[in-house]
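Asker: Here it is: the structure, laid out below.
The values are calculated or read from the model by the stated rules, or taken from the named source; none is laboratory data. This structure is a prediction, so every number in the text was calculated from the model and none was measured. Every residue, glycine among them, receives a Cβ derived from its backbone with ideal geometry; neighbour counts consider all protein chains shown. We work out accessible area using only protein heavy atoms, side chains counted, and drop any ligands, DNA or RNA first. Shrake-Rupley method; radii C 1.70, N 1.55, O 1.52, S 1.80 Å.
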Amino acid sequence: MSPPPPAPIYLGAPGERFAAFFHDAEGPQRRSAVLICPPFGWEDICSYRSRRDWAQGLAAAGPPALRIDLPGSGDSSGGPADPGRLAAWTEAVRLAGEWLRAAGEAPGLAVIGIGLGGMMACSAAMEGAEIDELILWAVPARGRTLVRELRAFSRMEVAYITGPEGAGEATAAPAESELVANGYLLSAETAEALSALDLAELPTERAHTRRALVLGRDGLRADKRLAELLERAGASVTVADGPGYGAMTVEPQEARAPTAVFALVEDWLAAGEEAPVASTAPPGSRPLPAAGTGEELALHVAGVPLRERAVSVERPEGRLFGVLSEPTGAPADLGAVLLNAGPPRHV
């Protein structure tokens, strides 16, 4: 039997809404809700189906789960060149956590952050977000470590691009101040702000996190300074390997879900639980909290106001998911269907 479909929603302020998918708990017991925050760019695309499978598995085991697209990425509003991305991403984690705790009728909140998403989750926790448990996978303490990896990948990629005549004439690399890795942009402002971020130097007085699981990446050790930060914040910290990260972030059609990490995180969450709270209603039957939510996304593209909303089409072979983009004025006589290019979910 296939799991019930997630509920697509938009969270946040009207001018900075971000897309999210809510997987309600399928079982009769209510456990701490789990928020999943994605990595950046190509790793976000490659790991998308694995994160969906992770959320479905969590919901089947008991805890309601929420997946988000950070502002300016995926199906969220805005773009990567918008100002103040780090602040917007950190705020999105806080807002998503608050909404999920209410929507899941959950006694607590756990946040799984991968790569860049983990840095933003840790920042939100240190700024006082009500995050009880943190799972940080492949998360560096220093933002410049992530930026350096992306720049190295970008330069390697540019070296293989030829000119329009195909005669080995390399195209120009992006300006050094900005960063484009496999087509995904970090603006000059965002790259500079991220490079300046050192999680280990953040104040910890406002943190509420009581437990943390810090995972390395396929044998590469977890960042020691990150674990030390969480211990100073008063959290009980467990450090472990995170096998399967590389297999999850290869070409999307080849990506494999990291089931060993799924099991490790599930066991770790279960070990720290208090008595589960009984659900008051069948899964999917409770109205979702309205605060900060919307069924539509307002956008401006090249100065043209648009609106978007998630749609699904039932077919014998399964449900098709899409995003409908419409002008806010009079409808046109012509429509277009854009198909994604295979495994990546966006055109």
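Asker: Quick one: Leu100 ticks every box in (1) within 22 Å of Met248 (Cβ to Cβ); (2) assigned to a helix (DSSP H, G or I) bar one, so which box is it?
Answerer: Of the numbered conditions (1) within 22 Å of Met248 (Cβ to Cβ); (2) assigned to a helix (DSSP H, G or I), the odd one out for Leu100 is (1).
Asker: Could you tell me whether Arg225 is in contact (Cβ under 8 Å) with a residue 60 or more places away in the chain and more than 22 Å from the chain's Cα centre (by Cα)?
Answerer: Values: in contact (Cβ under 8 Å) with a residue 60 or more places away in the chain: yes; more than 22 Å from the chain's Cα centre (by Cα): yes.
So Arg225 fits the description; yes.
Asker: Follow-up. Kindly indicate the residue of segment 112-158 that is in a strand (DSSP E or B) and of a type in the set (D, E, K, R) and also surrounded by the most Cβ atoms within 10 Å (Cβ to Cβ) among those meeting that condition.
Answerer: My answer is Glu133.
Asker: For segment 310-347, name all the residues that are open to solvent by 90 Å² or more (accessible area, probe 1.4 Å) and touching a Leu at 6+ places or on another chain (Cβ under 6 Å).
Answerer: If the condition is that a residue be open to solvent by 90 Å² or more (accessible area, probe 1.4 Å) and touching a Leu at 6+ places or on another chain (Cβ under 6 Å), then Val347 is the only one that fits.
Asker: Is there any pair with a first residue in segment 54-72 that is under 19 Å from Glu105 (Cα atoms) and open to solvent by 10 Å² or more (accessible area, probe 1.4 Å) and a second that is of a type outside the set (S, T, N, Q) and part of a helix (DSSP H, G or I) whose Cβ atoms are under 8 Å apart and which are 6 or more apart or on different chains, and what are they?
Answerer: Pairs found: Gly57/Phe262; Gly57/Glu266; Ala61/Glu266; Arg67/Arg51; Arg67/Arg52; Arg67/Ala55.
Asker: Right, another one. Of these, Thr209, Thr204, Thr238, which one is touching a strand residue (DSSP E or B) at 6+ places or on another chain (Cβ under 8 Å) and either open to solvent by 60 Å² or more (accessible area, probe 1.4 Å) or part of a loop (DSSP other than H, G, I, E, B) (or both)?
Answerer: Working: Thr204 fails: touching a strand residue (DSSP E or B) at 6+ places or on another chain (Cβ under 8 Å); Thr238 fails: either open to solvent by 60 Å² or more (accessible area, probe 1.4 Å) or part of a loop (DSSP other than H, G, I, E, B) (or both).
Being touching a strand residue (DSSP E or B) at 6+ places or on another chain (Cβ under 8 Å) and either open to solvent by 60 Å² or more (accessible area, probe 1.4 Å) or part of a loop (DSSP other than H, G, I, E, B) (or both) holds for just one of Thr209, Thr204, Thr238, which is Thr209.
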